[in-house]
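J.: Have a look at the structure that comes next, please.
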Amino acid sequence: MIKKWPLFEHQEHTAQFILDSDPGCFIMNDPGTGKTRSVLEAFDRHKKSEPKAKLIVIAPLSILEPAWGADIKKFTPHLKYVVAYASNRQTAFNADVDIYITNHDAVKWLKTDGNYTKYTQKRDWLVVDESTAFKNATTQRSKALQKISGAYSKRILMTGTPVPNTICDVWHQILCVDGGQRLGSSFYRFRSQVCNPVPVFGMPNIAKWEDKPGATDWVMDMIRDISIRYAAEDCLDLPENRVQTLYIDLPRAIRNKYDQLAIDSVVLLQDKVINAVHAGSRLKKLLQLCTGAVYDNDGKAKLAHTARYELVADLVEQRPHPCVVAYNWKHERQQLQELADKRGISMAFIDGEVNPRHRTRIVDEFQAGKIKMLACHPQAAGHGLTLTAGKTTIWCSPTYNSEHFQQLNRRVHRAGQTEKTETILIAANHTAENEVYEKLQNKLVRMDDLLSLFADNTQQEATA
């Protein structure tokens, strides 16, 4: 007998919201609240009245099998699915199954004339997971998504972080749901309504667009009827997550080089002159130097120090449970691997070079306690994965991206977690790392303010 897993109340409400929405909906439930489960439940109910219905899921490559495939097997095993990517894409889409799961870039393949006619128009439900990948309307894949989305009777976009930078990030996502009914079909007209141009000092004719006061309230009102939002804390009994920053001092010689690079934009490392030609490049080089190496113009890392990785290894060894370690640069991965080998720490990586099948095996082994340290690149491992065997997330270095930061932290602190967790941020004293973490927190506070408006509205609708 197949076990029937009961839905949480918020998942039931989300599933019904999907079924009732027309032409689709925007799901902003927090990472870890089980959005995938709600979609599968809604589609399964839809299949009872439309047995020939098909669903296509467009998601990050990293979670095609580990998240979507695993949830189908667990919650709706009677539904047949196929994962379509790279060279097997056409064969997969020719298969007679209920659900087709493919990666974000596949939209460019689907929108071509032959594929659009042959494959897109056969499927009546479209789900776009982690839809912020399509927030920029000018990219090729965003244009492709806009073209194919109109062919589906139900369009469902999902993300726990809908506005990582500005309220403008939501425009193209909503356009793919309703075709421009609520926020209009012109991005520039929408931007002029919700943002003010602010001149950039020293750059004539260049403006930075900042959200107008009250813009978030106006957008919320416009898309209220097709949007749903549940915060994890409101619907899951999650144990506490403690966040702390560990400050370290740069070695004196490295501090001197850091100060030189900050002032002169030039530094000598391993007999190689490193230049930072503009402010953005200088910040990037400074952050690299904090982590122990700087990349030259040929892309080769010039190693400066390794003390930070000794600290990471110490933190992992001090804990009885598996740990997730976030890293941003290739030299960090190398240093972590060398230390893990030296100390006998069982270790694995998840980054862009790991194929989906291997990634699934890594996640299973981590959850089974066979891997003590799982080093993850935030962009590759920040969505969809459940890593609740871990209790500690360690940021070896900060990311610029608030969405990646929040999403990766939710791999451990999510549904299924039964123990208190911790997030440890490592920063070098009196360096740009402190500023990055501070700006990161400000972005998260701003995004939380917006999302709380949607969450309040969802709670009112649910209890009405």
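J.: Within the range 1-99, how many Lys pairs sit with Cα atoms under 15 Å apart, leaving out pairs fewer than 8 places apart on the same chain?
T.: 9
J.: While we're here: What residues have an amide H closer than 5 Å to that of H104, excluding those fewer than 5 places away on the same chain, when H is modeled at 1.01 Å from N in the peptide plane?
T.: A59, L61
J.: Cα to Cα, under 21 Å, and not fewer than 8 places away if on the same chain: which lysines meet these conditions relative to K372?
T.: K330, K342, K391, K420
J.: Between the range 89-128 and the range 151-209, how many Å separate their Cα centres?
T.: Between the Cα centre of the range 89-128 and that of the range 151-209, the gap is 26 Å.
J.: Another question about this same structure. Using a 10 Å cut-off on Cβ atoms, rank the peptides 29-37, 424-432 from the highest mean neighbour count down.
T.: The peptides rank, most packed first, as 29-37, 424-432.
J.: Something else about it: Quick one: angle between helix 356-367 and the longest Cα principal axis of the chain, in degrees between 0 and 90, rounded to 10, please.
T.: On a 0 to 90 degree scale, this one is about 70.
J.: Answer with one residue from H331, C235, H78: the one whose Cα lies farthest towards the positive end of the charge dipole of the chain, charges on Cβ with Lys, Arg +1 and Asp, Glu -1.
T.: Comparing the listed Cα positions along the dipole, H78 ranks first.
J.: Can you list the residues, at least 5 places off or on another chain, whose amide H is less than 5 Å from the amide H of V325, using H built in the peptide plane?
T.: Under 5 Å from the amide H of V325 lie the amide H atoms of L374, A375, C376, I394, each far enough along the sequence or on another chain.
J.: Please compute the per residue accessible area over the chain with all protein chains in place, 1.4 Å probe, rounded to a whole number of Å².
T.: With all protein chains present, the chain gives 45 Å² per residue.
J.: Another question, if that's okay. Around C25, what is the net charge, scoring Lys/Arg as +1 and Asp/Glu as -1 over all other residues with Cβ under 10 Å from its Cβ?
T.: Charge balance near C25 sits at -2.
J.: With all protein chains present, how much of the accessible area of the chain (probe radius 1.4 Å) comes from carbon and sulfur, to the nearest whole percent?
T.: 50
J.: In whole angstrom, how far apart do the alpha carbon centroids of the range 222-239 and the range 1-59 sit?
T.: 15
J.: Also, I was wondering about something else. Give, rounded to the nearest 20 debye, the magnitude of the charge dipole that the chain has about its Cα centre when Lys and Arg contribute +1 at Cβ and Asp and Glu contribute -1 at Cβ.
T.: The calculated dipole for the chain is roughly 1340 debye.
J.: Let me ask you something else. Taking the Cα centre of the range 92-169 as origin, sum charge times position over the Cβ atoms of Lys and Arg (+1) and Asp and Glu (-1), and report the length of that vector in debye to the nearest 20.
T.: 300
J.: Can you order the peptides 77-86, 39-48 by their average number of other Cβ atoms within 10 Å per residue, highest first?
T.: 39-48, 77-86
J.: Find the relative contact order for the chain and round it to a whole percent, using C-alpha pairs within less than 8 Å whose residues are 6+ positions apart.
T.: Over the chain, the number comes to 17 percent.
J.: Tell me which of A340, P398, P322 sits at the most positive position along the dipole axis of the range 294-412, charges placed on C-beta atoms (Lys, Arg +1; Asp, Glu -1).
T.: P322
J.: Now for a different question. Mind checking the angle between helix 9-20 and the chain's longest principal axis? C-alpha axes, 0 to 90 degrees, to the nearest 10.
T.: So the inclination is approximately 50 degrees.
J.: List every residue whose amide H lies under 5 Å from the amide H of L7, counting only residues 5 or more places away in sequence or on a different chain, with H placed 1.01 Å from N in the peptide plane.
T.: Distant-sequence amide H within range of L7: zero hits.
J.: Expressed as a whole number of Å, what is the distance separating the alpha-carbon centroids of the range 305-352 and the range 73-87?
T.: Going from one Cα centre to the other spans 34 Å.
J.: Let me make sure I get this right: for the range 62-172, a, b and c are the square roots of the gyration tensor eigenvalues over alpha carbons, sorted descending. Under 1.5 in a/c it's rounded, otherwise prolate if a/b > b/c, else oblate. Which is it?
T.: It is oblate, given that a/c is not under 1.5 and a/b is not larger than b/c.
J.: Continuing with the same structure: For mean projected area of the Cα convex hull in nm², the choices are [x] 24.0; [y] 18.9; [z] 30.4; which was calculated from the structure?
T.: [x]
The values are calculated or read from the model by the stated rules, or taken from the named source; none is laboratory data. Not measured: the values here are computed from a predicted model. Positions of Cβ are backbone-derived with ideal geometry, glycine not excepted, and every protein chain shown enters the neighbour counts. Calculation scope for accessible area: heavy atoms of the full protein, side chains included, ligands and nucleic acids excluded. Shrake-Rupley method; radii C 1.70, N 1.55, O 1.52, S 1.80 Å.
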